[in-house]
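J.: Below is a structure I'd like to ask you about.
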């Protein structure tokens with residue numbers, strides 16, 4: 001998966017860090033201090049989709065071969081997350097109790113063309 | 001080629017970094033925490049008490065919830081003979097989550113003699129009992145029935161057998177970092193096995 005560079009147009013992973021202090025949430029979220037709200041952006045031209053490392057799945061590889069042979073009915077390829085990891089959060093709830101929870105599949109780690 | 005930012009097939013234009021993306025981040029985090037809006041922390045808990053409690057959570061525990069409720073401040077007795085500890089419990093953060101384990105943590109002074117400390121439930125039943133040897137103090141845990149955590153608030157009494165006075169809270173050694181608390185561990189409710197039909 002590619003990490004976005006300033007001039008990249010291809011499907012890539014855009015890093016974006018949200019600091020809870022900047023949004024005034026550091027008073028109720030104890031840990032972490034912020035989180036990576038990464039997201040996928042960029043284009044999926046036909047010749048890219050389906051190449052190793054970019055296809056989200058075998059299904060998309062077949063779909064892209066269909067498109068590459070310009071058989072009618074091919075849809076659009078989308079730049080989507082292909083790998084995510086959990087985020088552990090420790091926060092005060094409205095009763096001032098501390099809740100520790102793990103949110104599965106919260107942080108996007110890789111993008112690909114579906 | 002020549003597609004605008006975002007993906008027509010997905011129908012979700014990618015917002016440019018800035019206020020719109022921050023709002024998206026806030027919304028996403030609140031949704032995943034099953035919260036409709038950010039909580040307003042009314043009752044501040046001393047950071048020392050928080051740090052002390054966090055050191056006792058299960059470090060590195062696999063996926064799941066843990067909820068720490070601190071005893072209300074102020075005198076641990078309600079003026080009656082039987083003292084009590086009061087906790088405002090929060091319900092499990094999501095409907096498909098159940099409390100599987102609950103423990104009461106007490107910061108205790110070392111008793112002068114061997115004593116037995118009993119935790120009594122709201123209806124006067126003995127929930128948990130532990131013997132304390134003379135001279136041993138520190139943080140001690142008492143297992144509680146998980147079902148108690150379904151109550152909106154929890155009132156526990158402490159009785160001491162063998163102490164000069166039955167008021168078990170006299171054994172507590174409270175302080176900013178030594179606030180009694182209840183830790184409840186929750187996990188996703190086991191759903192019925194779904195059979196996929198092709």
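J.: Using a 10 Å cut-off on Cβ to Cβ distances, tally the other chain neighbours for every residue of A:87-94 and report the average as a whole number.
T.: Counting Cβ atoms of other protein chains within 10 Å of each residue's Cβ and averaging gives 6.
J.: Under a plain spin-label model, where a point goes 7 Å from the Cα along Cα-to-Cβ, how far apart in nm are residue B:56 and residue B:100?
T.: Distance between the two pseudo-spin positions: 2.2 nm.
J.: Continuing with this model, one more query. Other chains' Cβ within 10 Å of B:35-44 residues: what's the mean?
T.: Average per residue, whole number: 5.
J.: Calculate the mean, over all residues of peptide A:2-11, of how many other protein chain Cβ atoms lie within 10 angstrom of the residue's Cβ.
T.: On the way: counts 0, 0, 0, 0, 0, 0, 0, 2, 0, 1.
Per residue, the average neighbour count from other chains is 0.
J.: Taking 41 Å as R0, compute the FRET efficiency from the Cβ-Cβ separation of residue B:155 and residue B:27 and round it to 0.05.
T.: The calculated FRET efficiency here is 0.65.
J.: How much length is gained if the chain between residue B:16 and residue B:116 is pulled fully straight, taking 0.36 nm per residue apart and subtracting their Cα-Cα distance, in nm to one decimal? Working shown, then result.
T.: Numbers: separation 100, 0.36 × 100 = 36.00 nm, distance 6.34 nm.
So the chain would gain 29.7 nm between residue B:16 and residue B:116.
J.: Sticking with this one: Take the Cβ-Cβ distance between residue B:164 and residue A:15 as r, set R0 to 45 Å, and report the resulting FRET efficiency rounded to the nearest 0.05. Write down the numbers at each step before the final one.
T.: On the way: r = 63 Å, r/R0 = 1.40.
Plugging the Cβ-Cβ distance into 1/(1 + (r/R0)^6) gives 0.10.
J.: Residue B:36 label point, 7 Å along Cα→Cβ, cut-off 16 Å on backbone N: hits in segment A:90-104?
T.: A:94-95
J.: Hey, another quick one. Hey, with R₀ at 25 Å, roughly what FRET efficiency would residue A:26 and residue A:84 work out to, going by the Cβ-Cβ distance, to 0.05?
T.: Working from the Cβ atoms, E equals 0.55.
Values quoted throughout were computed directly from the atomic coordinates according to the rules given, and no laboratory measurement underlies them. Model, not experiment: these values are computed from the prediction. Every residue, glycine among them, receives a Cβ derived from its backbone with ideal geometry; neighbour counts consider all protein chains shown.
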